[in-house]
Amino acid sequence: MAKRPVLIAVCALALTAGCQVRRAANDHARQQILYTAISSDPQTFNPILVTDAYSGEILGDVFESLIRINPVTTLPEPGLAEKWEIAPDQKSIIFHLRRGLRWFDGQPLTARDVLFTLDVIYDPKVPNSIRPGLLIDGKPLKAEAPDDYTVVMRLPKPFAPLLYAIGIPVIPAHILEPVWKAGQFNHSWGINTPPSRIIGDGPFRLTRYVQNQFVRMERNPDYWMSDEHGVRLPRLHGKVVQIIPDANATYLRYQYGQIDIYSPRAEEVLDIRQKIKTGRLRAKLQEIGIDTGERFFCFNRNPRHYVKNGVTDPKLTWFTDLNFLRAIAHSIDKKGIINLVYHGLAVPAVSDVSPANKLFYNPNLKDYDYDPRLAAEILEGAGYHMADGRRVDPSGHPIEFNLTTATGSPEADQICAIFKQDLGNLGIKVNYQPLEFTTLVEKVESTFDWDCVMMGLTGTIEPNDGSNFYRSSGNLHLWNPNQKTPATPWEAEIDRLMDQGAFEMDPSKRAPYYWKIQQILHDQLAIIQTVRRKDYVSWTDSLENYRPKVWGVYKPEWMQFKVD
Amino acid sequence: MTRFLVRRLLNMIPLIIGITLISFLAMSLVPGDYLSNLKMNPKISPEVIHQLQAQFGLDQPLLVRYVKWLWGVLHLDFGYSLQYRVSVTSLIAARALNTVILAAASMAFAWMLAIPIGIIVAVRQNSIWDRVLSFLAFFGMSIPNFFLAFLMVYFAMWMGKDWLPPGGTFSVDYNSLDFANRVADRINHLILPVFVLGVAGMAGLMRLMRSQILEIKNSDFVRTARAKGLSERVVIYKHVLRNALNPFVTMAGYSLGDLLGGAALVEAVMNLQGLGLLLLNAVRALDIYLVMGSVLIGTVLLLVGNLLADMALVAVDPRVDFSSMASQ
């Protein structure tokens, strides 16, 4: 009697379970289609308007730039421009474009497209993140095209970072110029533009995008690059980028063979290694180098926050006292963090530049060793004594401050907990409260209402890209942003070194300037380093010629699947 | 009935304005705005931030922005998403169909199983069936959705490649399939998420059904029915069940509002195309117009759902009529 509906439901379930799609197996290798995953939807298909990492990752395959950066040597190498010459006065650069370059729609790509791209980037009505890198002392460079295959760029003065900044995606003038002239550029090529209308020049073109699901790309048969046998590249026939928001789900999919490449987190590295060893996963696992970003602690040294009505908060005195900062630096247990938080897959961070940046990393800095006794001695020597189990400053104020970081990262949370405990042993009270990212940014950037923050910034090869961070006038000069004139002699010196480094065209002569900056930041402890992750990548066994590096993939056009 | 309808529809206007205004204010009280997400990017200069602020209208006073938004809504313009720079309508439209399919399927699954099981366990109260099924119901109620989703993804992997897809709304090669295979592909992708979302809903429904029937089974009119010599079957189906259904009609109306944001975490784990995650991310990124669009649609669905439920109640329960409802 009452069992009948149950029976019906069970039958319905059995029926749906038997509902199988009839088609050839989805074989990535046979089809030569690479499956990867990103965690969020792209926000735009317009390469000039990109402000997020996901759009950048997808459009990197669709749009080519004049020159690109070799991820092994970290030096510029030819892209759309087959060669370039720097004039003896170092104030102009001549780029020679390749012949026969074509857009996806068959139209020729010429110097006119490059000039148009620069016009758009310099248009004040087009907000983009490329422009700041192409302003030299606040002035744009002047570009002209003597013929279809030559672009001459004239600089107001020598500017070495240009070769790194000029790797801009070139956009087609014949499509976008009318749009730009009509004032519609900021709304062009959004994510609901049909993918076939995104006209690029890169190795792959977009064929389909389903929000929340995947982006499909197919090989561009007209791509300019060919291999040593004269066969056109890329070798892969297509790519599918799946959008999977949850990291754990992504990892499961990788093990399931639905994704071919995966960048594992520390605990997953051990898991993958084990599974490869026992034969449960047919994949490769490789350490690709030390991460370009690091996590650091920074104390607020902004008088705008601490000096009110002529009264200075004692915190400002502590946070600018080198003895205090040195004691803190000596009480960060980097080994403990590496073992507890990163399962041993990290190294102590010493400089603000990653060792992966071979051109500019300063290897001569001496790390502040973990030494709680030395830390206590330094504090005692500087007049910070213990009273009733708490550390007090020379004028008797108990030392206590707030620590914050962005929510959502278990690693950040653990590092802060370790920090709080280590300082607790010194008698310093740390009130730890993580904040939602947007709230944290407002405090750090606008209201300056914070004491100590732990955060990370990702690194770039060209140190000048970090201008906003290094220069005292920068908005990311975290400890005291947007200064009119440098507050301290060492900040003034960093400003000067940044200028000198940017105007020195000889790469080998540039490094010493940036070494000096790293030394100053290390000595003055404007930021107190913790650790840097070692980056790993794992990929399916049948994928060949895949050479990932921390700065990107080396010769990605050569990638292919082995077919047996 | 007309009077009732007009009255209820008119009541909705101040409610919608009130709810959207409060949401708008709440979103604006949070420190920072969408552009805070960009400020920590070393490549984005403060000057670009200012330009974007002006472009998005974020530099205008709060009330001006709210009134402008409301004015747009009256012209069916829900504004632009700050994250994606396309209209809010297009973002929601791209996900609406799949959200509705998923929600409807999991609701059907939950109700189809919960009601008969609820009846069985109530009729055989304290039997072994009651014990076992009640235990499973509590288990289903207490296991978090996203965790069950993980278990199912794992299960799909364990079953092997050609059985059940561990996620996604449809296959990557969906477009190249013929119609029959497209339907099969869709259903194939629905099985696990429907199970995950259905189990949670089912458990609660089953417990409710059980307690409703138990309560009514012991009332006077049931005793009278039995005394008349009616068969147990007629007593249960004609007398008890009919009376037990009222709260379910109301619940069905409410669940229309749940369509929107109910499954965010499951969507994340199984990468389903849905509105829940879109809304959750919009709130976190302070993408105010996207949030407002979702809030508006959610509010309207909830209000309409309630209205429909009340009208259905009049249809199934002779004790309720429009005049008594309108006077409430």
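The values are calculated or read from the model by the stated rules, or taken from the named source; none is laboratory data. This structure is a prediction, so every number in the text was calculated from the model and none was measured. Cβ atoms come from the backbone with ideal geometry, glycine included; neighbour counts cover every protein chain shown. Remember, those area values only see protein heavy atoms, side chains included, never the ligands or the DNA or RNA. Shrake-Rupley method; radii C 1.70, N 1.55, O 1.52, S 1.80 Å.
Here residue B:7 clears all of (1) within 14 Å of chain A (Cβ to nearest Cβ); (2) closer than 23 Å to residue B:296 by Cβ except the condition numbered (1). Among the candidates A:447, A:439, A:460, the residue that is within 14 Å of another protein chain (Cβ to nearest Cβ), open to solvent by 10 Å² or more (accessible area, probe 1.4 Å), among the polar types (S, T, N, Q) and under 19 Å from residue A:529 (Cα atoms) is uniquely A:460. Starting from residues that are assigned to a loop (DSSP other than H, G, I, E, B) and under 17 Å from residue A:60 (Cα atoms), keep the ones in the range A:194-220 and report whichever is nearest to the other protein chains (Cβ to nearest Cβ). Restricting to residues being assigned to a loop (DSSP other than H, G, I, E, B) and under 17 Å from residue A:60 (Cα atoms), the top hit is A:198.
Residues considered: B:100, B:67, B:48. Of these, the only one that is in contact (Cβ under 8 Å) with a residue 40 or more places away in the chain, part of a helix (DSSP H, G or I) and either open to solvent by 50 Å² or more (accessible area, probe 1.4 Å) or more than 19 Å from residue B:294 (Cα to Cα) (or both) is B:100. Exactly one residue among B:304, B:300, B:314, B:320 is more than 14 Å from every other protein chain (Cβ to nearest Cβ), surrounded by fewer than 19 Cβ atoms within 10 Å (Cβ to Cβ), under 13 Å from the mean Cα position of the chain (by Cα) and within 18 Å of residue B:5 (Cα to Cα), and that residue is B:300. Taking residues in the range A:248-273 that are more than 14 Å from chain B (Cβ to nearest Cβ) and farther than 17 Å from residue A:546 by Cα, and partners anywhere that are in a strand (DSSP E or B) and among the hydroxyl-bearing types (Ser, Thr, Tyr), the pairs with Cβ atoms closer than 6 Å and at least 6 places apart or on different chains are A:269/A:536; A:272/A:538.
So which of A:109, A:34, A:118, A:97 ends up being out of contact with any helix residue (DSSP H, G or I) (no Cβ under 9 Å at 6 or more places or on another chain) and modelled with pLDDT of 95 or more? The unique qualifying residue is A:109.
Evaluation of residue B:52 against the conditions (1) on the phi > 0 side of the Ramachandran plot; (2) within 13 Å of chain A (Cβ to nearest Cβ) shows that the sole unmet condition is (1).
Only a single item in (1) modelled with pLDDT of 85 or more; (2) within 14 Å of another protein chain (Cβ to nearest Cβ); (3) open to solvent by 80 Å² or more (accessible area, probe 1.4 Å) is not met by residue B:163, and it is number (1). Checked against (1) surrounded by fewer than 21 Cβ atoms within 10 Å (Cβ to Cβ); (2) at positive phi; (3) free of Cβ contacts under 8 Å to residues at least 40 places away in the same chain, residue B:85 meets all criteria but (1).
In the range B:249-259, is there at least one residue being closer than 29 Å to residue B:156 by Cα and surrounded by fewer than 22 Cβ atoms within 10 Å (Cβ to Cβ)? Yes, some residue in the range B:249-259 is closer than 29 Å to residue B:156 by Cα and surrounded by fewer than 22 Cβ atoms within 10 Å (Cβ to Cβ). Residue A:555 meets the conditions (1) open to solvent by 30 Å² or more (accessible area, probe 1.4 Å); (2) more than 21 Å from the chain's Cα centre (by Cα) in every case but one. The failed one is (2).
Filter the strands (runs of 3 or more DSSP E) completely within the range A:352-454 down to those with at least 1 residues that are in contact (Cβ under 8 Å) with a residue 24 or more places away in the chain and hydroxyl-bearing (Ser, Thr, Tyr). If you could, list the steps in order and put the result at the bottom.
Working: elements: A:385-387, A:390-392, A:400-404, A:429-432.
Where strands (runs of 3 or more DSSP E) fall fully within the range A:352-454 and carry at least 1 residues being in contact (Cβ under 8 Å) with a residue 24 or more places away in the chain and hydroxyl-bearing (Ser, Thr, Tyr), they are A:400-404, A:429-432.
Here residue B:78 meets the list (1) part of a helix (DSSP H, G or I); (2) away from chain A (no Cβ under 13 Å) almost entirely, failing just condition (1).
Residues considered: A:482, A:475. Of these, the only one that is open to solvent by 30 Å² or more (accessible area, probe 1.4 Å), under 23 Å from residue A:161 (Cβ atoms), outside any helix (DSSP H, G or I) and within 14 Å of another protein chain (Cβ to nearest Cβ) is A:482.
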